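The values are calculated or read from the model by the stated rules, or taken from the named source; none is laboratory data. Because the structure is predicted, anything quoted here is derived from the model rather than measured. Reconstructed Cβ throughout: ideal geometry from the backbone, glycine too, with neighbour counts over all protein chains shown.
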Amino acid sequence: MKSGQTLLLAVSLLAVAAAVSRGPVLAQATAPATLTGAVGETQTGLAAVYSHRLNGHRTASGQRYNPKALTAAHQTLPFGTKVKVTNIKNGKSVVLRIDDRGPTQPNRILDVSAAAAHKLGFGKHGLVEVKLEVVGAHPTGITHVSHKSHAKAKH
């Protein structure tokens, strides 16, 4: 083996060893887009269905989660915003109302109700790539509701 080939082989082996010692290179999670709720805004990313264990629990807006309602969670859209969500793989769409905050997992843009997941064609499990389009803004643009306002009065 010539000295140039030996040097090239040694450099290549060192590069491979360095890469292996750092572990696999994972795609960087990007920060979620901050949507304001203006009609026409769009976002593309992954959607997941709410866990059935959340049935009846209060959402961030103070409403109780109902798996039969056409609702979703988004990190920044005002509560009450209407969004058209389209499953990119099969083209199915549904209009949902934002009533919760989330998702909390990286790389996801929406958590949707079981009814919404069914209409979008991905059932109770899994992740689906979707396109979200704001189609209706909430008139008051509420972004947070205090849970104290939902506490029962003591008599």
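With respect to T86, is the statement that it is of a type in the set (S, T, N, Q), under 13 Å from the mean Cα position of the chain (by Cα), surrounded by 10 or more Cβ atoms within 10 Å (Cβ to Cβ) and modelled with pLDDT of 50 or more true? Give the derivation first.
Details: of a type in the set (S, T, N, Q): yes; under 13 Å from the mean Cα position of the chain (by Cα): no; surrounded by 10 or more Cβ atoms within 10 Å (Cβ to Cβ): yes; modelled with pLDDT of 50 or more: yes.
Taking the combined requirement at face value, the residue does not satisfy it.
Scanning segment 39-71 for residues that are of a type in the set (D, E, K, R), surrounded by fewer than 16 Cβ atoms within 10 Å (Cβ to Cβ) and either in a loop (DSSP other than H, G, I, E, B) or modelled with pLDDT of 95 or more (or both) yields a single hit, K68. Does A15 satisfy the criteria of being at pLDDT below 90, over 22 Å from G136 (Cβ atoms) and outside any loop (DSSP other than H, G, I, E, B)? Answer is yes for this residue. Residues in segment 34-49 that are of a type in the set (A, V, I, L, M) and closer than 18 Å to D99 by Cβ were compared, and the one that is farthest from the chain's Cα centre (by Cα) is L35. Pull up segment 105-122, narrow it to residues that are part of a loop (DSSP other than H, G, I, E, B) and touching a strand residue (DSSP E or B) at 6+ places or on another chain (Cβ under 9 Å), then point me to the one that is surrounded by the most Cβ atoms within 10 Å (Cβ to Cβ). Once the filter is applied, the top-ranked residue is S113.
Suppose the filter is part of a strand (DSSP E or B) and farther than 14 Å from A48 by Cβ; does V128 pass it?
Numbers: part of a strand (DSSP E or B): yes; farther than 14 Å from A48 by Cβ: no.
In short, no.
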